[in-house]
């Protein structure tokens, strides 16, 4: 594995894994380690933005696991990363840091990557997991145009004792007319992770590592309830990034190069499925690479199976932004009524089993 980062740092961000992701982690034997470092979210709550009043609540925890077959976990990004790195290294995997992909040269027999430091490596197949600004995606599909979504996000982690009501929080939403927050515990409930979205035409930096400021966050959410403002003001390290949208790619693969995760299907975060879809991608890709198939056929089979679901989630994530931010009054009331059907509305996402889908697809005559 080659990564452009010089070192793996504990970026202050949370990651949520629904059952469609955690059941695949269980199949890899990583479930116990993730449960040890994560938080099994016990409830979902939607709050009115000004008063903090709960207008919809539903159990998660045991109910969710019984319904979907695996837990919904809130994880610190660094903890998830460490679990994966430990498992990778335990199998003899090697990690090379400070290796930013500069160019790719592909032949019918292999693919050569040249890094920014001038070194090269040659492999049978290249998997680009290099995110929304993917160099590998440009090799596969050419340059794409990112469209600014007119929204920026503040993110951060706050000790749970500094968040009013933090000990009872599960997957928590605060929904306002032009702003909203998604909040949940991570790291065994020691920290509260928040992502605070606000309409913003000025901030256009898409980088996850860009820094924000707690005072800016508090000002952007003026009028929200005391829980929100206290939490935003208590964070020591605030990140901020702009949201950009992209059209689904027509092509994820060439003969020996393919894409996974945000490199393949960057999506707005409003469905909470970015990390889960990367996990699904890798499970399906690994299946086809293990089979006795030519590389180009394995990559084509992977892409064929994964593209429809990823596209559906990409487009659905766009629509969720309109659901989370609506004017007070009749529109908000109608939205709140729709949310009472939330478990059924999202069941197609969380009940999905990539391994079962693979088994079913192989029963269909080609």
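Residues that are over 22 Å from the mean Cα position of the chain (by Cα) and over 20 Å from residue 353 (Cα atoms) within region 258-297 comprise 292, 293, 294, 295, 296, 297, listed in sequence order.
Table: residues versus (1) within 22 Å of residue 45 (Cβ to Cβ); (2) modelled with pLDDT of 95 or more; (3) in a loop (DSSP other than H, G, I, E, B).
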| site | (1), (2), (3) |
| --- | --- |
| 230 | yes, yes, no |
| 236 | no, no, yes |
| 253 | no, yes, yes |
| 267 | no, no, yes |
| 279 | no, yes, no |
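Being out of contact with any helix residue (DSSP H, G or I) (no Cβ under 9 Å at 6 or more places or on another chain), in a helix (DSSP H, G or I) and touching a residue at least 60 places away in the same chain (Cβ under 8 Å) is the filter here; which residues of region 315-342 pass it? Listed by number, the residues that qualify are 315, 332, 336, 342. Is it true that some residue in region 167-185 is touching a residue at least 24 places away in the same chain (Cβ under 8 Å), over 23 Å from the mean Cα position of the chain (by Cα), surrounded by fewer than 22 Cβ atoms within 10 Å (Cβ to Cβ) and within 18 Å of residue 325 (Cβ to Cβ)? Yes, region 167-185 contains at least one residue that is touching a residue at least 24 places away in the same chain (Cβ under 8 Å), over 23 Å from the mean Cα position of the chain (by Cα), surrounded by fewer than 22 Cβ atoms within 10 Å (Cβ to Cβ) and within 18 Å of residue 325 (Cβ to Cβ). Restricting 183, 136, 147 to those that are closer than 29 Å to residue 63 by Cα and touching a strand residue (DSSP E or B) at 6+ places or on another chain (Cβ under 6 Å) reduces the list to 183. When only residues in region 56-112 that are free of Cβ contacts under 8 Å to residues at least 60 places away in the same chain and part of a strand (DSSP E or B) count, which is nearest to the chain's Cα centre (by Cα)? Per the stated criteria, the residue is 73.
The values are calculated or read from the model by the stated rules, or taken from the named source; none is laboratory data. Quick caveat: nothing in here was measured; it's all calculated off a predicted structure. No Cβ is skipped: glycine too gets one built from the backbone with ideal geometry, and neighbour counts run over all protein chains shown.
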